[in-house]
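Asker: Questions regarding the structure given below will be posed in turn.
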Amino acid sequence: MLTVELHSHSALSHDGRDPVELLLEQAAAVGLDALAVTDHDEIDASIAAAEQAADHGLIGIVGMEVSSAAGHILAFGIEELIPPGLSYDETLERIHEQGGIAVIPHPFQKSRHGVAPHVTGDQLASADAIEVYNSRLFTGRSNRQAERFAIEHGLPMTAGSDAHISELVGQAITEVGADDRTPEAILEAIRHGRTSVIGQRTPWTVSLRQFGGGAKRRVQRAIAELFE
């Protein structure tokens, strides 16, 4: 089994803090096999991380977190950016056109742009996998909802730290029964449900600091753009 971090953000995300080098160093330090950087509506840092991953003894998976019209969708195994603002169905279609897989993160958390309030059950079930453990939780209720949905619909299940700072990479991981140590083998195993999830809650104090830091960085970037 390979241990994989499928949900992390670099400084390229509007609410991320650290460069990919620190994310890779953390992933290696905690003994992970693979890392996907999934920035919000950006792909360049993820491509860079995938290219540098081998230097850290890791498998790099290219991905991003797409802001569809219905909410957030993780895209893996793509080569080009999926534009934000498309419908849920078209976003999945664009991901599949590139040979990638679509994983729905925190689907039942409306406050974090989960898609479930805006799509039908059949639409949600058309994804390739569901993130059933997101470490940024307060009560765990939404994670349990996601797990029940995945089990009821026979969908593969994943976990993700949703790390916006490097120290949190590895809080929640997906164990993947891949045949080879390649991104393609990992994604194929996820597609076929050869996964199990391991996770621990991000301390709420860290989540609050992370949220505050993200808000501060968004304000700083908005001010900087005014003077460009």
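The values are calculated or read from the model by the stated rules, or taken from the named source; none is laboratory data. The model shown is predicted, which means the values in this text are computed figures rather than measured ones. FYI the Cβ positions are ideal-geometry reconstructions off the backbone, even for glycines, and counts take in every protein chain you see. These area figures cover heavy atoms from the full protein model, side chains too; ligands, DNA and RNA do not enter into them. Shrake-Rupley method; radii C 1.70, N 1.55, O 1.52, S 1.80 Å.
Asker: Within a Cβ distance under 12 Å of Ser87, other residues only, what is the Lys/Arg minus Asp/Glu net charge?
Answerer: Local net charge: -2.
Asker: Tally up the carbon and sulfur contribution to the accessible surface of the chain as a whole percent, 1.4 Å probe, everything protein left in place.
Answerer: 52
Asker: So, one more: Report the net charge of residues surrounding Ala69, where surrounding means a beta-carbon distance below 15 angstrom and charges are Lys +1, Arg +1, Asp -1, Glu -1.
Answerer: Around Ala69, the surrounding residues sum to -3.
Asker: Where in the stretch 76-95 does the amide nitrogen come within less than 18 Å of the point 7 Å from the Cα of Thr120, taken along Cα to Cβ?
Answerer: Only 87-93 fall inside the zone, counting backbone N under 18 Å.
Asker: Placing +1 at every Lys and Arg Cβ and -1 at every Asp and Glu Cβ, with all other atoms neutral, what dipole size does the chain have around its Cα centre, in debye to the nearest 20?
Answerer: So the dipole magnitude of the chain works out to roughly 1260 debye.
Asker: Determine the gain in length on full extension of the stretch Glu184-Met1; use 0.36 nm per residue of separation and subtract their C-alpha separation, reporting nm with one decimal.
Answerer: 64.4 nm
Asker: Working only with C-alpha atoms, what are the Rg and Dmax values of the stretch 120-198, expressed in angstrom?
Answerer: According to the Cα coordinates of the stretch 120-198, Rg and Dmax are 13.0, 36 Å.
Asker: Can you give the % of DSSP beta bridges in the stretch 1-142 that are antiparallel, to the nearest 5?
Answerer: Here the share of antiparallel DSSP bridges comes out near 50 percent.
Asker: Further, regarding this structure: Please give the per residue accessible area of the stretch 60-136, computed with a probe of 1.4 Å over protein heavy atoms only, in Å². Write down the numbers at each step before the final one.
Answerer: Details: 2760 Å² over 77 residues.
Per-residue accessible area for the stretch 60-136 comes out at 36 Å².
Asker: Additional query: Out of every Cα-Cα pair in the stretch 1-124, what percent are more than 22 Å apart?
Answerer: Value for the stretch 1-124: 33 percent of Cα pairs lie more than 22 Å apart.
Asker: Give me the one-decimal nm value for the distance between modelled label points at Asp44 and Ala69, 7 Å along each residue's Cα-to-Cβ direction.
Answerer: Once both label points are built, they end up 2.8 nm from each other.
Asker: Given the chain, report the % of alpha carbon pairs whose separation exceeds 29 Å.
Answerer: That fraction is 18 percent.
Asker: About the Cα centre of the stretch 47-110, how large is the charge dipole given +1 on each Lys and Arg Cβ and -1 on each Asp and Glu Cβ? Please answer in debye to the nearest 20. Please list the in-between numbers first.
Answerer: On the way: 2 positive and 9 negative charges, 59 e Å.
Using Cβ point charges on Lys, Arg, Asp and Glu, the stretch 47-110 gives about 280 debye.
Asker: What 222 nm value per residue comes from the helices of the chain, counting each DSSP H run with n ≥ 4 as -39,500 (n - 2.57) and dividing by all residues, nearest 500 deg cm²/dmol?
Answerer: Values: 7 runs with 79 residues, N = 228.
It comes out at -10500 deg cm²/dmol, rounded to the nearest 500.
Asker: Quick one: give the max-minus-min coordinate of the C-alpha atoms of the stretch 55-138 along each principal axis, largest first, in Å.
Answerer: Sorted largest first, the three principal extents are 41, 33, 19 Å.
Asker: Which net charge results for the neighbourhood of Leu137, defined as the other residues with beta-carbon distances under 11 angstrom from its beta-carbon, given Lys and Arg at +1 and Asp and Glu at -1?
Answerer: With Lys, Arg at +1 and Asp, Glu at -1, the net is +4.
Asker: Under the rule of at least 5 residues apart or a separate chain, name every residue whose amide H is placed under 5 Å from the amide H of His40.
Answerer: Those lying under 5 Å, H to H, from His40 are Ser13, His14, Glu65.
Asker: So, one more: Order the following by accessible area, largest value first: Phe149, Phe76. Probe radius 1.4 Å; ligands, DNA and RNA are ignored. The partial results should precede the final answer.
Answerer: On the way: Phe149 25, Phe76 0 Å².
Ranked from most to least accessible, the order is Phe149, Phe76.
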